[in-house]
């Protein structure tokens, strides 16, 4: 995968949350829907020889002592469940909404956030006419251009309904999204799944980089009435959601994440590294380039004197996570356990950087998915066993 495209797509993904605000103020009537029986309207479908989900997912495991080992990747074409993915804000088109032609940014973010899930589930990833980065830029400049958020939602809803009618065949399904994609899926679950018969097909929902409301001290209620937060490995019909921040740089008062509206409500946080609570080690798959967008905060190679020639790198023992709540927000706190004297790099990139300055209110939004990728795949694997046993 082209590293320039990958970094650009990940940098763009950081802006998705704000687009929800901008788009609501400029809603338009939706145009006719897409034909999701046409395979070209999907980034990923099972059985295709080549599409966005056939990207190279090979990784290099870099230990703290500097030793490296190859970790080849292989998909499972006989996976017993499905995954339905909605990608974040990545479109560089100049209009308020993207068209239905997938660009390198869509392909790249799928490779970074979703393709690895093909080891545990059959992949479905529709193209949708998302709100673009141009819409955000125009909003911030005080000269908003027309956008249609309802159209983006309707596209995903139509793709979901087509999948259920023609491809599901009674299989369990995991819903996966990030940023704008998570926001769209949150609405889809509220409108089409929560408390309805189709809920029994829900293995879980993974909604990263968004804000999901739950009553303080509770695991169900708020945005979802009958779908609780996941609290144990293998639990099904539940939701995993989080927004990641560095432990030593918690969300500020003007944070984009970690806060929700409503009396008695908090932003939900589930720790993929320890669903039962408390801290846990992250099994991350970070880009081997070590940078995300301009002004990266890492310096030098992952391991001194060694070149990583795989698209991704895993760093055992380097990162851990814990759900934390303070007066400003509830969030997933990421701790970095690097050794400055060791051969492996001791810090990671992932912050949103503008003009050389870290934008603290975004946290580690750029790498929400990458930080916990291995943990999430392990969770889906355990959930699959439970789901199939129960049925």
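The values are calculated or read from the model by the stated rules, or taken from the named source; none is laboratory data. All figures in this text were calculated on a predicted structure; none of them were measured in a lab. Using ideal geometry, Cβ is built from the backbone for each residue, glycine included, and neighbour counts are taken over all protein chains shown.
Take residue 88 and decide whether it is within 18 Å of residue 373 (Cβ to Cβ) and free of Cβ contacts under 8 Å to residues at least 24 places away in the same chain. Please lay out each step first, then the result.
Working: within 18 Å of residue 373 (Cβ to Cβ): yes; free of Cβ contacts under 8 Å to residues at least 24 places away in the same chain: no.
No, not satisfied.
Inside segment 312-371, can you point out the residues that are closer than 20 Å to residue 241 by Cα, over 19 Å from the mean Cα position of the chain (by Cα) and in a loop (DSSP other than H, G, I, E, B)?
Answer for segment 312-371, where residues must be closer than 20 Å to residue 241 by Cα, over 19 Å from the mean Cα position of the chain (by Cα) and in a loop (DSSP other than H, G, I, E, B): 326, 327, 328, 329.
What do you reckon, is residue 214 under 23 Å from residue 383 (Cβ atoms), within 19 Å of the chain's Cα centre (by Cα) and surrounded by 17 or more Cβ atoms within 10 Å (Cβ to Cβ)?
Criteria not met by residue 214.
Could you identify the single residue in 210, 236 that is under 18 Å from residue 187 (Cβ atoms), in contact (Cβ under 8 Å) with a residue 60 or more places away in the chain and part of a loop (DSSP other than H, G, I, E, B)?
Details: 236 fails: under 18 Å from residue 187 (Cβ atoms).
From the options 210, 236, the qualifying one is 210.
Name the single residue that is nearest to residue 347 (Cα to Cα) among those in segment 92-113 being touching a residue at least 60 places away in the same chain (Cβ under 8 Å) and in a loop (DSSP other than H, G, I, E, B).
Per the stated criteria, the residue is 92.
Which condition number does residue 333 fail, the rest of (1) at pLDDT 95 or above; (2) out of contact with any helix residue (DSSP H, G or I) (no Cβ under 7 Å at 6 or more places or on another chain); (3) closer than 24 Å to residue 120 by Cα being met?
It fails just one condition, (3).
Scan (1) buried (at least 16 other Cβ atoms within 10 Å of the Cβ); (2) more than 19 Å from the chain's Cα centre (by Cα); (3) touching a residue at least 24 places away in the same chain (Cβ under 8 Å); (4) part of a loop (DSSP other than H, G, I, E, B) for the single condition residue 305 breaks and write down its number.
(1)
Residue 147 fails exactly one of the following numbered conditions: (1) touching a residue at least 24 places away in the same chain (Cβ under 8 Å); (2) not in a loop (DSSP other than H, G, I, E, B). What is the number of that condition?
Unmet for residue 147, out of (1) touching a residue at least 24 places away in the same chain (Cβ under 8 Å); (2) not in a loop (DSSP other than H, G, I, E, B): (2).
Identify, by number, the condition in (1) under 21 Å from residue 164 (Cα atoms); (2) in contact with a strand residue (DSSP E or B) (Cβ under 9 Å, 6 or more places away or on another chain); (3) not in a helix (DSSP H, G or I) that residue 66 doesn't meet.
Residue 66 satisfies all of (1) under 21 Å from residue 164 (Cα atoms); (2) in contact with a strand residue (DSSP E or B) (Cβ under 9 Å, 6 or more places away or on another chain); (3) not in a helix (DSSP H, G or I) except (1).
I'm trying to understand the selection: among the residues of segment 161-192, which are within 18 Å of the chain's Cα centre (by Cα), surrounded by 19 or more Cβ atoms within 10 Å (Cβ to Cβ) and assigned to a helix (DSSP H, G or I)?
180, 181, 182, 183, 184, 185, 186, 188, 189, listed by residue number.
If only one of 270, 236, 241 is modelled with pLDDT of 95 or more, over 16 Å from residue 333 (Cβ atoms) and buried (at least 18 other Cβ atoms within 10 Å of the Cβ), which one is it?
236
Of the conditions (1) on the phi < 0 side of the Ramachandran plot; (2) modelled with pLDDT of 95 or more, residue 13 satisfies every one except a single condition; which number is it?
Only one criterion is unmet by residue 13, namely (2).
Given the structure, is residue 60 crowded, with 17+ Cβ neighbours inside 10 Å and either at pLDDT 95 or above or part of a helix (DSSP H, G or I) (or both)?
In short, yes.
Quick one: count up the residues across segment 37-57 that are touching a residue at least 12 places away in the same chain (Cβ under 8 Å), assigned to a loop (DSSP other than H, G, I, E, B) and either under 21 Å from residue 377 (Cα atoms) or within 23 Å of the chain's Cα centre (by Cα) (or both).
Summing the residues that are touching a residue at least 12 places away in the same chain (Cβ under 8 Å), assigned to a loop (DSSP other than H, G, I, E, B) and either under 21 Å from residue 377 (Cα atoms) or within 23 Å of the chain's Cα centre (by Cα) (or both) in segment 37-57 gives 6.
Looking only at segment 91-135, count every residue that is surrounded by fewer than 23 Cβ atoms within 10 Å (Cβ to Cβ) and out of contact with any strand residue (DSSP E or B) (no Cβ under 9 Å at 6 or more places or on another chain) and tell me the total.
Qualifying residue count, segment 91-135: 12.
Hey, does segment 220-232 have a residue that's under 24 Å from residue 388 (Cβ atoms), under 21 Å from the mean Cα position of the chain (by Cα), without any contact (Cβ under 8 Å) to a residue 24 or more places away in the chain and in a loop (DSSP other than H, G, I, E, B)?
Yes, segment 220-232 contains a residue that is under 24 Å from residue 388 (Cβ atoms), under 21 Å from the mean Cα position of the chain (by Cα), without any contact (Cβ under 8 Å) to a residue 24 or more places away in the chain and in a loop (DSSP other than H, G, I, E, B).
Do we find a residue being surrounded by 18 or more Cβ atoms within 10 Å (Cβ to Cβ) and either within 30 Å of residue 259 (Cα to Cα) or in contact (Cβ under 8 Å) with a residue 24 or more places away in the chain (or both) anywhere in segment 354-361?
yes
Looking at (1) within 24 Å of residue 365 (Cβ to Cβ); (2) part of a helix (DSSP H, G or I); (3) in contact (Cβ under 8 Å) with a residue 60 or more places away in the chain, can you tell me which one residue 125 breaks?
(2)
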